[in-house]
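Here, each number is a calculation from the coordinates, and none is a lab measurement. Keep in mind the model is a prediction, meaning the values are calculated, not measured. Cβ atoms come from the backbone with ideal geometry, glycine included; neighbour counts cover every protein chain shown.
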């Protein structure tokens, strides 16, 4: 912070497309807000979290036992989403448990994936584009023309491509999370009964869960 005030070189975020990667040198994490380094100086942003204290990400952000590690800032349709990596301090120091090499992963509708380390991957972007593509198809289907039919096929190709890129990205981050914590195995809940376990999941979610599992 002193180096910033003196206009000296300091660590800053790294940018790739519409994302910025932050570590503890370029971001200061608090329980209710985050301070981020930008090309125009520091900015402070409040978290927008679920009201239920037992629901991720609120469960981890407000719990002092969980430590912020790093974060990736994503821009989507003019909105910004901060994907943070968190670790429970007890887990970091615990060398006695026999399960410390296993990364457990739960799947859901609001949080696409939640790892046993406390890291989570929001489904907001997936759900947003699912609704957007459903609306586009619905509008085109009302036209009923040959051109509209061809356009629907084009929309579906774009949808598949966008979701595959998104799921690949999350899959890579989960593998990186496992590597960072020296986990030799990644364990998912059994997908056989996923429809019963996650009753609010649409066929889009079920497709995403299985494709995501395959990518990991």
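Structure notes:
- Residue order, fewest to most surrounding Cβ atoms within 10 angstrom, among 38, 58: 38, 58
- Semi-axis lengths, largest first, of the ellipsoid equivalent to segment 101-216 are 32, 14, 11 Å, with √(5λ) applied to each eigenvalue of the Cα gyration tensor.
- Counting neighbouring beta carbons within 10 Å and listing from fewest to most, the residues 183, 143 come out as 143, 183.
- Neighbour counts of C-beta atoms inside 10 Å place 70, 25 in the sequence 25, 70, starting with the fewest.
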